[in-house]
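The values are calculated or read from the model by the stated rules, or taken from the named source; none is laboratory data. None of the values given here were measured: they were computed from a predicted structure. Every residue, glycine as well, gets a Cβ built from its backbone with ideal geometry; the counts of neighbours run over all protein chains shown. All accessible areas refer to the heavy atoms of the entire protein, side chains included, with ligands and DNA or RNA removed. Shrake-Rupley method; radii C 1.70, N 1.55, O 1.52, S 1.80 Å.
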2 protein chains.
Amino acid sequence: MLRSLHTAARTNLAPTIKHLLENPPTASSLLTCNGHIKSIRHSKNAGFIDLSDGSNQHSLSVVFKSPLDVLAAHQLKVGQSISVKGSWIESKGSQDYELVFNPLEPDHAISIIGDVGEDYPIQKKLSTFQHLRNFPTFRHRTATLGSMLRFRSVVESKLMDFFNSQDFTKVVPPLITSSDCEGAGEQFKVESLTNSGKGDSEENYFFGKPSYLTVSTQLHLEVLALSLNRAWTLTPCFRAEVSNTNRHLSEFWMLEAEMCYVDDVHQLTAFSEKLVKYITNELRNGAGEDLLNSRFSREDVKIIKARWDSILDKEWPTITYTEAIEIINRVMNKGRLKNRLQWGDSIQTPHEKWLAGVHFNSPVFITDYPASEKPFYMPKSKNYESERPTVACYDLILPEIGELIGGSVREHRYDELLAEMKARGMNHEDMEWYLSTRAHGSVPHGGFGLGFERLLAYLGGMENIKDVIPFPRVPQSCSC
Amino acid sequence: MLRSLHTAARTNLAPTIKHLLENPPTASSLLTCNGHIKSIRHSKNAGFIDLSDGSNQHSLSVVFKSPLDVLAAHQLKVGQSISVKGSWIESKGSQDYELVFNPLEPDHAISIIGDVGEDYPIQKKLSTFQHLRNFPTFRHRTATLGSMLRFRSVVESKLMDFFNSQDFTKVVPPLITSSDCEGAGEQFKVESLTNSGKGDSEENYFFGKPSYLTVSTQLHLEVLALSLNRAWTLTPCFRAEVSNTNRHLSEFWMLEAEMCYVDDVHQLTAFSEKLVKYITNELRNGAGEDLLNSRFSREDVKIIKARWDSILDKEWPTITYTEAIEIINRVMNKGRLKNRLQWGDSIQTPHEKWLAGVHFNSPVFITDYPASEKPFYMPKSKNYESERPTVACYDLILPEIGELIGGSVREHRYDELLAEMKARGMNHEDMEWYLSTRAHGSVPHGGFGLGFERLLAYLGGMENIKDVIPFPRVPQSCSC
């Protein structure tokens with residue numbers, strides 16, 4: 001027999017502060033708690049440490065006796081990670097329990113696990129989110145940005161519940177692709193480091209041909225929906241746009257869903273409304289508590305709650321593109337003739353924000369855009385008029401944000417799809433794989449894409465989507 | 001008022017076959033069902049269609065009266081998508097209900113939604129998985145591969161439940177990075193299409209410097225765990241290895257977890273065992289039914305169940321690298337002197353498969369590998385011996401698969417980490433962001449990465465991981 005052959009030791013992890021507060025141990029028991037020091041204060045008789053480990057929005061109160069002795073013996077500072085062994089006792093403060101450290105008790109102990117330097121950038125005083133972006137490795141130790149990551153995790157978890165309840169299968173379309181879904185040319189090229197710069201002959205391509213990062217997984221998702229009836233995904237997408245706004249990222253996460261036996265754009269708008277309302281309702285019913293409790297500003301909390309209410313408390317209006325142009329000209333641009341939109345013009349972000357934020361004061365669906373504004377895979381609208389040709393698509397527009405969702409019915413007939421690709425001068429031979437789905441057992445279907453960071457920013461009351469993703473990637477910025 | 005201003009129509013989606021079978025409508029009601037024809041057969045008096053929409057493992061039985069009339073009127077073929085309106089009645093067959101179509105009933109109807117061509121590649125006769133890989137857009141319409149996608153979705157859902165129950169936050173580390181976590185140089189380079197080939201000056205980089213697809217999100221995940229205590233992710237990772245085996249992909253999904261207040265590798269092995277056992281137990285308790293029911297081969301089902309049992313029915317052994325070498329030499333290589341391993345040699349995949357599959361007949365942990373075999377961020381083993389220097393790491397080895405998980409404690413002390421980076425000749429200035437986490441409030445921590453497709457292949461009884469991901473990417477292959 002070997003000396004140390006043994007079965008896996010049942011070593012447990014130290015409990016999180018979340019776990020201790022939700023499942024409190026017996027009062028008066030001796031306990032070790034770990035975390036970062038958020039603040040320290042003391043009076044003559046007692047000292048107080050707010051200890052947080054980031055597992056939830058709450059700090060654990062550590063009360064220490066003989067504060068002057070303790071502070072003389074330990075150079076305690078905000079930002080340090082420490083371990084405190086003390087008595088777990090019922091508290092008269094805002095929490096049910098606190099940890100008491102008494103230097104005279106032989107079993108009690110306090111130790112600094114990780115010290116902080118003088119240049120530790122996260123201090124008790126509030127910094128702007130913009131300033132905190134300079135400290136990518138520390139900014140999530142702040143209450144609000146830590147909470148945004150937990151919020152993101154909660155929303156993702158609720159999405160899983162929702163799609164499970166609707167018989168969807170979660171799938172993983174590829175991120176490396178040889179196709180360009182949107183045809184906009186704003187792609188990143190991918191090549192192995194070894195082959196990079198070797199030139200454009202077939203054997204110099206790792207994948208045998210030029211390959212790109214996906215801008216949308218829709219085409220592959222359609223393939224999978226045609227096998228599974230309903231499919232969804234939440235994956236990174238990549239766009240090499242040189243734009244630096246508070247609602248664009250070069251690498252962002254997109255929720256995409258695709259469903260069969262759909263031939264009416266209103267089936268898709270109804271489903272989209274159901275999805276966003278489900279998530280928001282879960283937040284209002286408790287899942288959003290962590291977020292609300294980590295905001296110091298009452299004004300912020302009020303704004304967030306008002307957003308949730310405005311999503312939940314009524315049915316959302318649906319207008320066509322043509323109606324939207326008419327409303328914008330009649331109300332928003334009243335008396336300003338030079339601003340008038342012509343039928344066929346783009347509805348710009350300021351128009352969208354005005355429609356949702358001012359005119360309707362609600363999320364709003366705009367359907368049936370001009371065919372010339374949209375990609376090749378959309379079929380004609382139900383009320384198609386040849387002088388004003390439109391397609392069966394929709395956008396969901398939110399106040400403050402503008403477009404959150406873009407979706408459409410998909411052309412599911414082989415001949416019509418091929419004709420449209422030819423009319424647009426596309427290389428349809430490279431797209432034979434996509435066309436093939438229309439050649440055998442095709443099904444009317446449709447779907448949409450939702451910019452996940454935009455949803456999180458809106459529901460979480462953040463102005464900039466760079467603050468709802470841990471390491472934002474934008475032009476000229478990829479520091480780690 | 002505008003003509004068609006209206007609130008979102010409450011148009012419902014057609015029910016899935018999963019929904020109909022799980023929530024059967026009232027018997028004798030008139031119902032429309034949609035799906036693909038999996039098989040057709042008929043006798044003199046009745047015809048039978050197996051109709052599947054991919055929403056679950058079951059086909060719906062459609063019974064049609066006057067089969068010769070129906071088959072003459074409709075050119076029904078395997079692979080077509082059809083819509084059938086008929087009577088929903090209680091069945092004497094293996095399912096509780098069936099749909100009856102009677103051409104003499106005026107309300108009944110059958111229509112072909114999407115026809116199939118003569119060259120439709122998916123036929124009733126079984127094809128090999130390898131053959132099916134030639135048809136990326138159709139292979140998931142087969143029972144087994146459709147079921148593998150639903151299986152993947154179920155396992156991901158159970159992972160979410162597990163990590164939620166353990167106070168982990170699900171996070172999204174970046175996929176585009178300027179760092180190389182493993183230092184192996186097997187990276188893909190990323191550049192915007194517009195800038196590609198412009199040459200290597202700063203303004204020609206979209207991100208201001210060379211950037212790559214991540215090979216492991218660990219370094220970024222550590223940053224987030226140090227803010228949140230426990231963090232996990234399930235994201236694509238990319239390796240430009242020129243290897244084409246049944247267990248390698250150029251784009252694969254990795255489950256990574258990182259947890260604080262961990263300083264012993266056995267805390268990590270215990271947690272890993274708990275994770276894999278949780279998922280497997282859920283499968284054995286019902287979540288794996290869909291998978292088992294879609295296998296035609298009883299032998300397959302037996303193998304899958306045996307794997308689940310072997311995972312669940314005992315505690316897994318843990319041995320050190322040094323012990324593993326000793327066992328391999330003493331038992332596997334007995335009498336074969338030229339095969340003997342020296343201390344310091346790599347344990348190869350055949351050794352791993354032998355240890356787990358033959359010697360222990362169980363998943364097995366191997367801990368404390370030689371420092372020279374492992375990356376820079378691992379601290380010395382607890383029982384460090386300077387003549388045989390090892391680090392506090394582990395692999396989880398499975399029968400048939402070899403390595404499933406690789407993990408370690410992480411060096412959390414600034415000076416020690418910096419010294420190791422210098423000793424290895426690394427450019428530590430580029431890694432200042434990572435080092436910074438050790439400069440302020442550092443915490444002992446550790447974690448692991450699990451190859452998600454390998455887990456799915458093992459638990460799902462598939463030989464090749466190309467069959468558990470919808471669009472596998474391997475060298476010289478990125479067809480769509």
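With the checklist (1) more than 13 Å from chain B (Cβ to nearest Cβ); (2) open to solvent by 30 Å² or more (accessible area, probe 1.4 Å) in hand, flag the one item A:Ile112 doesn't pass.
Of everything listed in (1) more than 13 Å from chain B (Cβ to nearest Cβ); (2) open to solvent by 30 Å² or more (accessible area, probe 1.4 Å), A:Ile112 misses just condition (1).
Any residue that is free of Cβ contacts under 8 Å to residues at least 40 places away in the same chain and of a type in the set (Asp, Glu) - is there at least one of those in region B:272-287?
no
Please state which one of B:Ala109, B:Ala73, B:Ala27, B:Ala46 is within 30 Å of A:Lys274 (Cβ to Cβ) and modelled with pLDDT under 95.
B:Ala27
Here are the criteria: (1) more than 14 Å from chain B (Cβ to nearest Cβ); (2) at positive phi. Tell me which single one A:Lys302 does not satisfy.
(2) is the only condition that A:Lys302 fails.
Scanning for something part of a loop (DSSP other than H, G, I, E, B), of a type outside the set (S, T, N, Q), modelled with pLDDT of 95 or more and within 22 Å of B:Gly451 (Cα to Cα), does region B:319-341 turn up at least one residue?
No, region B:319-341 contains no residue that is part of a loop (DSSP other than H, G, I, E, B), of a type outside the set (S, T, N, Q), modelled with pLDDT of 95 or more and within 22 Å of B:Gly451 (Cα to Cα).
Yes/no per residue for (1) among the aliphatic types (A, V, I, L, M); (2) in contact with a His (Cβ under 9 Å, 6 or more places away or on another chain):
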site: B:Lys382; (1), (2): no, no
site: B:Ile405; (1), (2): yes, no
site: B:His412; (1), (2): no, yes
site: B:Leu418; (1), (2): yes, yes
site: B:Gly425; (1), (2): no, no
site: B:Gly451; (1), (2): no, no
site: B:Leu456; (1), (2): yes, no
site: B:Lys466; (1), (2): no, no
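I'd like to know if region A:156-163 contains one or more residues that are under 28 Å from A:Lys277 (Cβ atoms), at the interface with chain B (Cβ under 7 Å from one of its Cβ atoms), among the small types (Gly, Ala, Ser) and in contact (Cβ under 8 Å) with a residue 60 or more places away in the chain.
Looking for residues that are under 28 Å from A:Lys277 (Cβ atoms), at the interface with chain B (Cβ under 7 Å from one of its Cβ atoms), among the small types (Gly, Ala, Ser) and in contact (Cβ under 8 Å) with a residue 60 or more places away in the chain, one finds none in region A:156-163, hence no.
Are any residues in region A:128-141 loosely packed, with under 15 Cβ neighbours inside 10 Å and among the polar types (S, T, N, Q), and if so, which ones?
Those that are loosely packed, with under 15 Cβ neighbours inside 10 Å and among the polar types (S, T, N, Q): A:Thr128, A:Gln130, A:Asn134.
Report whether or not B:Lys334 is free of Cβ contacts under 8 Å to residues at least 40 places away in the same chain, assigned by TED's automatic domain parsing to the domain that holds B:Arg152 and out of contact with any helix residue (DSSP H, G or I) (no Cβ under 7 Å at 6 or more places or on another chain). It would help to see each step written out before you state the result.
On the way: free of Cβ contacts under 8 Å to residues at least 40 places away in the same chain: yes; assigned by TED's automatic domain parsing to the domain that holds B:Arg152: yes; out of contact with any helix residue (DSSP H, G or I) (no Cβ under 7 Å at 6 or more places or on another chain): yes.
Considered against the rule, which asks whether it is free of Cβ contacts under 8 Å to residues at least 40 places away in the same chain, assigned by TED's automatic domain parsing to the domain that holds B:Arg152 and out of contact with any helix residue (DSSP H, G or I) (no Cβ under 7 Å at 6 or more places or on another chain), B:Lys334 comes out as yes.
Which one of these is under 19 Å from the mean Cα position of the chain (by Cα), farther than 30 Å from A:Leu21 by Cβ and surrounded by 13 or more Cβ atoms within 10 Å (Cβ to Cβ): A:Glu315, A:Glu256, A:Glu326?
Just one listed residue meets the conditions, A:Glu256.
Evaluate the following for B:Leu221: is it within 10 Å of chain A (Cβ to nearest Cβ) and in contact (Cβ under 8 Å) with a residue 60 or more places away in the chain?
Against the criterion (within 10 Å of chain A (Cβ to nearest Cβ) and in contact (Cβ under 8 Å) with a residue 60 or more places away in the chain), B:Leu221 qualifies.
Does B:Ser196 satisfy being open to solvent by less than 30 Å² (accessible area, probe 1.4 Å), out of contact with any Gly (no Cβ under 8 Å at 6 or more places or on another chain) and either more than 9 Å from chain A (Cβ to nearest Cβ) or among the polar types (S, T, N, Q) (or both)? Lay out the reasoning, then the answer.
Values: open to solvent by less than 30 Å² (accessible area, probe 1.4 Å): no; out of contact with any Gly (no Cβ under 8 Å at 6 or more places or on another chain): yes; either more than 9 Å from chain A (Cβ to nearest Cβ) or among the polar types (S, T, N, Q) (or both): yes.
When the stated conditions are applied, B:Ser196 does not pass them.
Could you please find all residues in region A:209-218 being more than 8 Å from chain B (Cβ to nearest Cβ) and of a type in the set (A, V, I, L, M, F, W, C)? First the steps, then the outcome.
Looking only at region A:209-218, we keep the residues that are more than 8 Å from chain B (Cβ to nearest Cβ), and these are A:210, A:214-218.
A:Val215 - this is the single residue of region A:209-218 that is more than 8 Å from chain B (Cβ to nearest Cβ) and of a type in the set (A, V, I, L, M, F, W, C).
Before we move on, is B:Ile89 more than 14 Å from every other protein chain (Cβ to nearest Cβ) and either more than 30 Å from A:Ser436 (Cβ to Cβ) or open to solvent by 60 Å² or more (accessible area, probe 1.4 Å) (or both)?
Values: more than 14 Å from every other protein chain (Cβ to nearest Cβ): yes; either more than 30 Å from A:Ser436 (Cβ to Cβ) or open to solvent by 60 Å² or more (accessible area, probe 1.4 Å) (or both): yes.
Yes, satisfied.
Please identify the pairs in which a residue from region A:14-34 that is facing chain B (nearest Cβ under 9 Å) and acidic (Asp, Glu) has its Cβ atom under 9 Å from the Cβ atom of a residue that is assigned to a helix (DSSP H, G or I) and open to solvent by less than 60 Å² (accessible area, probe 1.4 Å), counting only partners at least 6 apart or on another chain.
Note: no pairs meet the criteria.
Considering each of B:Glu373, B:Glu420, B:Glu416 in turn, give the residue that is more than 10 Å from every other protein chain (Cβ to nearest Cβ), modelled with pLDDT under 95 and open to solvent by 10 Å² or more (accessible area, probe 1.4 Å).
Among B:Glu373, B:Glu420, B:Glu416, only B:Glu373 is more than 10 Å from every other protein chain (Cβ to nearest Cβ), modelled with pLDDT under 95 and open to solvent by 10 Å² or more (accessible area, probe 1.4 Å).
Could you run through region B:244-264 and say how many residues are in contact (Cβ under 8 Å) with a residue 40 or more places away in the chain, more than 7 Å from chain A (Cβ to nearest Cβ) and not in a strand (DSSP E or B)?
7
Return yes when B:Lys189 is within 25 Å of A:Ser211 (Cβ to Cβ) and open to solvent by 10 Å² or more (accessible area, probe 1.4 Å) and no when it is not. Break it down into steps so the answer makes sense when it comes.
Numbers: within 25 Å of A:Ser211 (Cβ to Cβ): yes; open to solvent by 10 Å² or more (accessible area, probe 1.4 Å): yes.
Answer is yes for this residue.
Would you check if B:Tyr205 is within 10 Å of another protein chain (Cβ to nearest Cβ), open to solvent by 10 Å² or more (accessible area, probe 1.4 Å) and of a type in the set (Phe, Trp, Tyr)?
yes
May I ask you to verify whether B:Asp290 is at pLDDT 95 or above, touching a Cys at 6+ places or on another chain (Cβ under 9 Å) and surrounded by 17 or more Cβ atoms within 10 Å (Cβ to Cβ)?
So B:Asp290 fails the test.
Restricting to region A:437-480, what's the tally of residues that are over 24 Å from A:Ile405 (Cα atoms) and surrounded by fewer than 21 Cβ atoms within 10 Å (Cβ to Cβ)?
Restricting attention to region A:437-480, the residues satisfying the condition of being over 24 Å from A:Ile405 (Cα atoms) are A:437-442, A:476-480.
Narrowing the set further to residues that are surrounded by fewer than 21 Cβ atoms within 10 Å (Cβ to Cβ) leaves A:439, A:476-477, A:479-480.
Adding up the residues that qualify gives 5.
Counting only residues that are closer than 30 Å to A:Phe151 by Cα and among the aliphatic types (A, V, I, L, M), give me the helices (runs of 4 or more DSSP H) lying completely in region A:359-473 with at least 1 of them.
In region A:359-473, the matching helices (runs of 4 or more DSSP H) lie at A:452-460.
Within region B:70-78, is even one residue open to solvent by 50 Å² or more (accessible area, probe 1.4 Å), aliphatic (A, V, I, L, M) and more than 20 Å from A:Thr437 (Cα to Cα)?
Yes: one or more hits.
Within region B:238-248, is even one residue at pLDDT 95 or above, of a type in the set (Ser, Thr, Tyr) and in the same structural domain as B:Leu459 (by TED's automatic domain parsing)?
No: region B:238-248 contains no residue that is at pLDDT 95 or above, of a type in the set (Ser, Thr, Tyr) and in the same structural domain as B:Leu459 (by TED's automatic domain parsing).
Check off (1) more than 12 Å from chain B (Cβ to nearest Cβ); (2) free of Cβ contacts under 8 Å to residues at least 40 places away in the same chain; (3) within 30 Å of the chain's Cα centre (by Cα) for A:Ser59 and give me the number that stays unchecked.
The number of the failed condition is (2).
Can you tell me which of B:Ser153, B:Ser127, B:Ser147 is more than 7 Å from every other protein chain (Cβ to nearest Cβ), among the polar types (S, T, N, Q), under 14 Å from the mean Cα position of the chain (by Cα) and closer than 18 Å to B:Ser294 by Cβ?
Values: B:Ser153 fails: more than 7 Å from every other protein chain (Cβ to nearest Cβ); B:Ser127 fails: under 14 Å from the mean Cα position of the chain (by Cα).
The unique qualifying residue is B:Ser147.
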